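Each remark here refers to the structure printed beneath this line.
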Amino acid sequence: MCSSSPFEVSVPEPDGDGPAPTSPAIRTGGAESGPAPSDVVVTTCLRKVYPGGRVAVEELNLSVRRGEIFGLLGPNGAGKSTTVGMLTTRVIPTSGTAVVNGIDVRAYPARAKQAIGVVSQANTLDQGLNVWENLYFHGRYFGLGDRAARSAADELLERFRLADRKASEVEDLSGGMARRLMVARALLHRPAVIFLDEPTAGLDPQSRIALWEVLVELQGEGQTVLLTTHRMEEADEHCDRLAIMDHGRILAVDTPQGLKASLGSGAAVTARAEERLDELAAYLSRAAGVTEVRVIDGDVRFNLPAAHGAMQWVLAAAQAGGFRLTDLSVSDDTLETVFVNLTGQDLRE
């Protein structure tokens, strides 16, 4: 618990003046050491309590390494949006510290904004400006000169495949084009970290592929990306590391492969029978090694310790119990299985 932690974090008082601080010094028995040089986002005992006593984030300790794509997963209401809000200066923490690129975001929010780019789920493009102007004026707002802002806008339009729409009104863009323009705008001032909230929500498959191609390309050039998502398959494929969060706390942090290996249940099995599904579920639940037995949409779903030999075992068990299966599938654990096992529920609406 942070309240009884032996680590004492030195945080300057928020005054808005003076030089931006570096990462907070962490004192351990008198010796001072900072976060690892590769950590570009560091939170220490970060907490947010809203009026009325609702705890949204509780004692959050998290680090994001420079140059990685980091995914923050969790059901609705888990605290993801509040966490990102605190990291991007939009939500003031109740206690604890959040440091982005060496800047304490609570003490120096204006300086922290220079180090971050934010892409929200909602369309925040300026409807009064055309595509090119949305980029150009963003650059000027962040202190770029006229020539530098023009050059950056032109370069990003080419990179995000929007050059032929530079004079278009933003209301005429498709959902995928608008999302790519928002990412381009967030990158224009060259932030250390870009935060994306559900970046592919509402996009068609082609648009999702196009956006991820750009994000992976940017990561290859050293860009750090922190995103929230409900798309488990995208998180599994593209994220270097993931944090699974619920009820304001981090439940697990690891690579997708590491999470599946350490927290998964081996194999996910789906069996369908002509009748007596509840009896089949009860029968299987008594077998050694069978866990998480559920009847969902006409299927009996359960987990086994390993995929190897699972199909033969299930067929033999069903036959011994007098059940006739009409369909059977076995797959290795998915990230969604890990997610549900940790949070104890399916994705919340």
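The values are calculated or read from the model by the stated rules, or taken from the named source; none is laboratory data. Note that this is a predicted model, so its numbers are computed, not measured. With ideal geometry, Cβ positions are generated from the backbone for all residues, glycine too; neighbour counts draw on all protein chains shown.
Out of all the residues in segment 243-265, is one or more touching a His at 6+ places or on another chain (Cβ under 9 Å) and farther than 21 Å from THR83 by Cβ?
No, segment 243-265 contains no residue that is touching a His at 6+ places or on another chain (Cβ under 9 Å) and farther than 21 Å from THR83 by Cβ.
Just to be sure I understand, how many residues within segment 288-312 are among the hydrophobic types (A, V, I, L, M, F, W, C), surrounded by fewer than 18 Cβ atoms within 10 Å (Cβ to Cβ) and within 18 Å of ARG272 (Cβ to Cβ)?
3
Go through (1) charged (D, E, K, R); (2) farther than 26 Å from ARG90 by Cα; (3) within 17 Å of the chain's Cα centre (by Cα) and name the single condition ASP197 misses.
ASP197 satisfies all of (1) charged (D, E, K, R); (2) farther than 26 Å from ARG90 by Cα; (3) within 17 Å of the chain's Cα centre (by Cα) except (2).
Test of understanding: among THR89, THR83, which residue is among the polar types (S, T, N, Q), at positive phi, buried (at least 16 other Cβ atoms within 10 Å of the Cβ) and in contact (Cβ under 8 Å) with a residue 24 or more places away in the chain?
THR89
Tell me, which strands (runs of 3 or more DSSP E) lie completely within segment 151-252 with 3 or more residues that are among the β-branched types (Val, Ile, Thr) and either without any contact (Cβ under 8 Å) to a residue 60 or more places away in the chain or surrounded by 18 or more Cβ atoms within 10 Å (Cβ to Cβ) (or both)?
It comes to 224-228.
Across segment 257-290, what is the number of residues that are at pLDDT 85 or above and in a strand (DSSP E or B)?
Total meeting the criteria: 5.
Filter segment 95-112 down to residues that are surrounded by 19 or more Cβ atoms within 10 Å (Cβ to Cβ) and assigned to a helix (DSSP H, G or I) and give me whichever is farthest from the chain's Cα centre (by Cα).
Step one: list which residues in segment 95-112 are surrounded by 19 or more Cβ atoms within 10 Å (Cβ to Cβ), which gives 96-108, 111-112.
When the remaining residues are screened for being assigned to a helix (DSSP H, G or I), the result is 111-112.
Working: ARG111: 24, ALA112: 20 Å.
In this case the residue turns out to be ARG111.
Can you find even one residue in segment 215-233 that is among the polar types (S, T, N, Q), out of contact with any helix residue (DSSP H, G or I) (no Cβ under 8 Å at 6 or more places or on another chain) and within 29 Å of VAL99 (Cβ to Cβ)?
yes
Filtering segment 119-150 down to residues that are closer than 11 Å to LEU188 by Cα and within 27 Å of the chain's Cα centre (by Cα), which residue is surrounded by the most Cβ atoms within 10 Å (Cβ to Cβ)?
Out of the qualifying residues, it is LEU135.
Among the residues of segment 228-264, what is the count of those that are in contact with a Phe, Trp or Tyr (Cβ under 7 Å, 6 or more places away or on another chain) and of a type in the set (A, V, I, L, M)?
Number of matching residues: 2.
Taking segment 313-343 as the search range and keeping residues that are touching an Asp or Glu at 6+ places or on another chain (Cβ under 7 Å) and loosely packed, with under 15 Cβ neighbours inside 10 Å, which one is nearest to GLY77 (Cα to Cα)?
THR326
Going by the conditions given, is ALA115 crowded, with 18+ Cβ neighbours inside 10 Å and either outside the structural domain of VAL42 (by TED's automatic domain parsing) or closer than 19 Å to ASP197 by Cα (or both)?
So ALA115 fits the description; yes.
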